[in-house]
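Since the structure comes first, as structure tokens, the remarks are kept for the end.
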Amino acid sequence: MTAGKRVEAAERPGPGDGPDARHGGAATDTTTSIVLVDDHAIVRQGLRAILDREPDLRVVGEASTSEEALSVVRRTEPTIVLLDLKLSTGADTEGLDLCGVLTERHPAVGVLVLTTFLDDALVMEAIQRGARGYVVKDVDTTELVNSIRAVARNESAFDPRSAAAMVRSLRVHTRRPGLTDRERNVLRLIARGLGNRDIGRELFISETTVKFHVRNIMRKLEVASRAEAVYEASKNGLI
């Protein structure tokens, strides 16, 4: 991260810092204070310009890295953190880790993910890390503002595509029954490259019984091959 790309606005007053000039005094109790966390200065500037036009929203700080974000949030105690998932060139989802830390250290702060990434697993993981909402960056201004206000009211906020991704993930997890201990053991041996006969020898069961377990595993995971079964089970933390 070059010095020029770091956030000066986190350390210097900006349009949303200090007394609210639009109202001739301090922000009212109903003002939603916001910290912007994004590694691109031009994105933060654009967001600030949009949000500062809203009389009930006030940007109180900015950050481009996880370290800066934690410092700014600790100092300003905002209502909302608007968080991008990609905060460096080395990792695409550094923001997920930051989300978990923020919600653990500052449970009263609402984290709203604003990102270019749309993936079913990412949406679910962001929620699991404590995010109250997830919107994609090409969302229109009105929807973004409404999402911020919803999170400020302790509600959830998702744009239509993020909501659809969450529903898909929930359906998958709902309709997939858990694997039994025996099925997990069979899957682990499949992952090691063993065939049915060798699996039977390892587990002291017949080859016919192994085939029965393999069929059940593939049915539960909704896959058509042993390799797909291993992949799906690994992806979902089943083995």
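We did not get these values from a lab; they are worked out from the coordinates using the rules stated. The shown structure was predicted, so the numbers you read here are calculated from the model rather than taken from an experiment. Here the Cβ positions follow ideal geometry from the backbone for every residue, glycine too, while neighbour counts run over all protein chains shown.
Label separation (residue 203 vs residue 231): 2.3 nm, computed from points 7 Å beyond Cα along the C-beta direction. The length gained on full extension between residue 223 and residue 50, counted as 0.36 nm times the residue separation minus their Cα-Cα distance, comes to 57.7 nm. If R₀ is 22 angstrom, what is the calculated FRET efficiency for the pair residue 75 and residue 108, using the beta carbon separation as r and rounding to 0.05? Plugging the Cβ-Cβ distance into 1/(1 + (r/R0)^6) gives 0.90. Translational diffusion of the stretch 44-147 was estimated from the Stokes-Einstein equation, with Rh taken as the Kirkwood radius over Cα pairs; at 25 °C and 0.890 mPa s the coefficient is 176 µm²/s.
Could you give me D for the stretch 176-235, from Stokes-Einstein at 37 °C and 0.692 mPa s, where the hydrodynamic radius is the Kirkwood radius over C-alpha pairs? Units µm² s⁻¹, please. D, rounded to a whole number, is 293 µm²/s. Label-to-label distance for residue 138 and residue 155 is 2.6 nm, based on points extended 7 Å past Cα in the beta-carbon direction. Annotation: extensible slack from residue 42 through residue 88 equals 15.0 nm (criterion: 0.36 nm per residue apart, minus Cα-Cα distance).
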